[in-house]
Structures are given as structure tokens and as C-alpha cells.
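I have placed the structure first, in the form of C-alpha cells, so that the comments after it can refer back to it.
Bear in mind that the values in this text are calculations on the coordinates, not laboratory data. Given the structure is predicted, the values throughout are model-derived calculations rather than measurements. No Cβ is skipped: glycine too gets one built from the backbone with ideal geometry, and neighbour counts run over all protein chains shown.
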Amino acid sequence: MKNMLYKAKGALALTLAVSICGAQCVPVFAAEALSAAQQGVQVTPVKELTEEEKAALQLPKLTAEEALAKAKKHSPDLREIQDTLDYLDDTLDDIDRSAGGTVTVPNVEYKKWVNDGWQKVVSAVYQAEQGKKQARIGEDLQNLGLEVSVKSYFTSIKSNEDTLSLTKKNAEIQKKLYEQGQEKNRLGLLSKYNLNQLEIAAKQAQDNVALLEASMEQLYIKLNDLMGEKADARFEYVYDVTYTPYKLSLPMEQYLNAALKKDLTIQLKELALDSAKFTKNYVGESNTRLDSNTQEYNYDTAKRNLKTAKTDKEMAIRNAYLQLQQMETQITSAQSSLTKAQADYRAAQINLRAGNVTKTAVEQAEMGVVSAQNSLNQLIYNYDMLVFTFENPSLLGNTAQAQ
């Protein structure tokens with residue numbers, strides 16, 4: 001079963017500007033037109049905007065893929081990694097020139113003693129090559145971190161857009177309830193205390209709208225900073241998310257083996273183990289017993305660290321899969337709640353036509369539908385993020401994620 005979430009509806013500032021103009025500017029113009037007509041003065045109608053002029057007023061659309069491309073292009077961390085790779089390439093070239101030819105690192109499965117001078121040369125080459133491997137893994141991690149950051153921002157923006165719509169609807173209802181309360185209080189049907197409670201609820205609802213709008217502004221600014229855009233740049237954020245229950249492509253044990261092989265954090269641990277092994281086995285003639293003991297200890301520590309990292313990662317993957325299944329149950333429940341809210345709304349409409357309920361009661365039932373849809377949307381957004389994380393095990397566990 002699939003549920004398509006709402007597409008981006010534009011910037012809040014533009015919407016408010018249109019709504020304000022619709023509430024204030026049009027009545028004023030109509031009054032002026034009436035006055036002029038009464039005096040026999042010809043009124044020039046307002047010029048309708050052309051399609052080109054309308055397009056110029058619209059915000060540029062921005063997809064998550066486009067935002068990610070901007071973020072990668074702007075990222076100072078990616079530039080620093082490339083500088084590191086260039087430096088290591090230059091280092092290797094310098095060593096080869098100094099040695100009078102290409103220096104090859106031998107495969108040392110067992111301990112091998114060599115001349116101290118040559119051991120330093122070969123070790124320098126080995127460390128530079130390992131540094132390049134580490135930098136490339138770091139580059140992949142950085143790209144993955146940027147991707148999860150962009151998805152997180154888009155998810156938060158779209159989620160807040162849905163919540164803002166619900167919050168505004170609630171503010172409208174609370175305002176109407178307060179206005180009705182004022183009339184009831186005037187007629188002696190509502191106490192001053194209860195009227196004050198309605199006033200507080202109406203004010204709180206409006207404050208919630210303002211707080212959410214301010215929170216969204218912060219999200220826009222942070223995303224712009226990630227992309228290298230100006231702080232006041234605004235876009236129409238296009239982010240369509242569909243829900244389909246996740247199915248493992250392999251049995252869990254096979255999936256775990258495949259996930260560990262592609263996990264970037266595990267690859268870093270494996271690099272550390274390789275380095276400790278090389279340092280332990282490829283030694284200079286002056287290597288002492290104390291040096292050997294330290295090298296053995298470092299090698300054993302690297303082995304333990306790799307084993308622990310794999311165990312922790314397997315547990316994190318299993319837990320993430322359980323979370324997916326639990327969230328699927330929550331989504332099914334939220335879908336049922338939405339269906340019930342829709343039925344309640346239809347019943348309220350029927351009762352309104354029959355004179356059994358007020359218009360406000362129907363609006364509250366309608367808000368119940370919006371609230372249920374919003375709750376379902378939040379779950380689907382969260383589920384989409386969890387699927388992305390699950391399919392990229394480098395993000396699971398204690399791994400630091402770029403924000």
C-alpha cells in the first residue's frame with residue numbers, strides 16, 4: 001500500500017502576503033470603484049498578470065537531489081580531503097624520486113627485519129598509501145553525511161509544513177470559539193472565567209503558529225548554509241515520499257555479511273588493523289624487544305576493536321530492522337485512525353445539514369482529519385529516514401553523522 005505525501009506548496013511568506021492582500025486590498029479597491037462609479041468617473045480595472053509575470057513571482061523549485069549537489073560543491077570538508085589526497089600523491093612522488101625509482105610495499109604476513117633506512121622509506125610509502133585509502137573512505141563518509149543531512153532538512157521542512165497547516169487550522173478554530181464565547185458571555189451563558197480560558201487558548205494557538213514559523217525559518221537558514229546559499233534565499237521544496245513496507249533482499253545473516261563488507265566505519269577499522277600488522281611485521285634491525293611488545297599489543301588491540309565494531313554493527317542493524325517493523329505497525333494504526341477521522345467528518349457534515357451540530361463542530365471534525373493525516377505523514381517521513389539509515393549501515397550505531 002502506498003501513500004503519496006503532499007508536494008511542496010510554496011513559501012509561507014508568499015502565502016501570507018497573498019492572504020493579507022486578499023483580506024485588505026480588494027475591499028479597499030471595491031470601495032473606491034463604487035465611489036468613482038457614483039460620481040460618473042471611469043475606473044481602470046486592475047491589470048491581470050501575464051503567465052511570465054506570475055512565474056517571476058514564484059519561488060524556484062528545489063529537489064533534495066539538487067540540494068545535495070549544492071552541498072557537495074560547497075563542502076569545505078570535501079575540499080580538504082581532496083587537498084589531503086593531492087598532498088599524499090606529491091609525497092609518494094617525492095619518495096620515488098629520492099629512492100631513484102618506484103618503491104613497492106611488500107606483503108608481510110610474518111615478521112621481517114630489514115635495514116633501518118630502507119624500513120623508514122618503505123614505511124613512509126605504506127603510510128602514505130594507507131592515508132589515501134583512509135581519505136577516500138572519509139570522502140565517502142562525508143558524502144553520505146551530507147546526503148543524510150539534506151534528507152533530514154527536507155524531512156523536517158515538509159513535516160513542519162504539514163504541522164503548520166494543522167496549527168493554523170487550530171488557531172482559526174480557537175479564535176472562533178473565543179468569539180462565540182464572547183457572545184455567550186454577553187448573553188450570560190458563559191462565565192468570565194471560562195471566557196478567559198478560551199482567550200488564553202486562542203492566544204496560545206496563535207503563538208504556536210508564530211513559534212513554528214520561526215522554527216521553519218531556522219531550518220531554511222541552516223539548509224542554505226549547508227548548500228552555500230544566502231541566508232535569506234527561499235525555495236519551493238519538492239520532496240515526494242512514498243510508503244512501502246520494507247522487505248529484506250536476503251536472509252538476515254547474508255544481509256549482515258553484505259552490510260559489514262560495505263560499511264565504511266568497519267573499513268576504517270580494517271585499515272587500522274592492516275597498519276598495525278605491517279608495523280608489527282616489517283621492522284628495522286634496531287627494533288628492540290620493547291618495540292616488538294608494543295607493536296604486538298597494538299596489533300591485538302586493533303583486532304579486538306574490529307571484532308567489537310562488527311558485533312556492535314550487527315546489533316545495530318538488527319535493532320534498526322526491528323524498528324522498521326514496529327513503525328510499520330504504527331503506520332497501519334495511523335491509517336486506521338485517518339479512516340475513522342474521515343468517517344467522523346462525513347457524519348458531522350450530515351448532522352450539520354440535519355441541524356444537529358454547529359458549523360464549528362464540523363470544522364473540528366475536519367481538523368481531526370487534518371490531524372490524523374499529519375500524524376500519518378510524520379510516521380512515513382520518519383520511516384523513510386529509517387529505511388535510508390538501514391540501507392546505509394555506516395550511519396548506524398555510534399557513528400557520528402554529519403549535521
Looking at the stretch 240-253, can you tell me whether even one residue there is in a helix (DSSP H, G or I) and of a type outside the set (S, T, N, Q)? yes
Quick check, is VAL387 on the phi < 0 side of the Ramachandran plot and either buried (at least 19 other Cβ atoms within 10 Å of the Cβ) or not in a loop (DSSP other than H, G, I, E, B) (or both)? yes
Filter pass, GLN325 being surrounded by 13 or more Cβ atoms within 10 Å (Cβ to Cβ), among the polar types (S, T, N, Q) and either in a helix (DSSP H, G or I) or touching a Phe, Trp or Tyr at 6+ places or on another chain (Cβ under 7 Å) (or both): no
Of the residues LYS203, LYS247, only one is surrounded by 14 or more Cβ atoms within 10 Å (Cβ to Cβ), charged (D, E, K, R), free of Cβ contacts under 8 Å to residues at least 12 places away in the same chain and over 19 Å from SER152 (Cβ atoms); which? LYS203
Unique match (being farther than 30 Å from SER165 by Cβ, touching a residue at least 40 places away in the same chain (Cβ under 8 Å), surrounded by 11 or more Cβ atoms within 10 Å (Cβ to Cβ) and touching a Pro at 6+ places or on another chain (Cβ under 8 Å)) among LYS262, LYS269: LYS262
Hits in the stretch 349-374 (condition: part of a helix (DSSP H, G or I) and farther than 20 Å from LYS168 by Cβ): GLN349, ILE350, ASN351, LEU352, ARG353
Determine whether SER165 is under 16 Å from the mean Cα position of the chain (by Cα), in contact (Cβ under 8 Å) with a residue 12 or more places away in the chain and in a helix (DSSP H, G or I). no
Residues of the stretch 182-199 classified as farther than 20 Å from MET367 by Cα and in a helix (DSSP H, G or I), total: 11
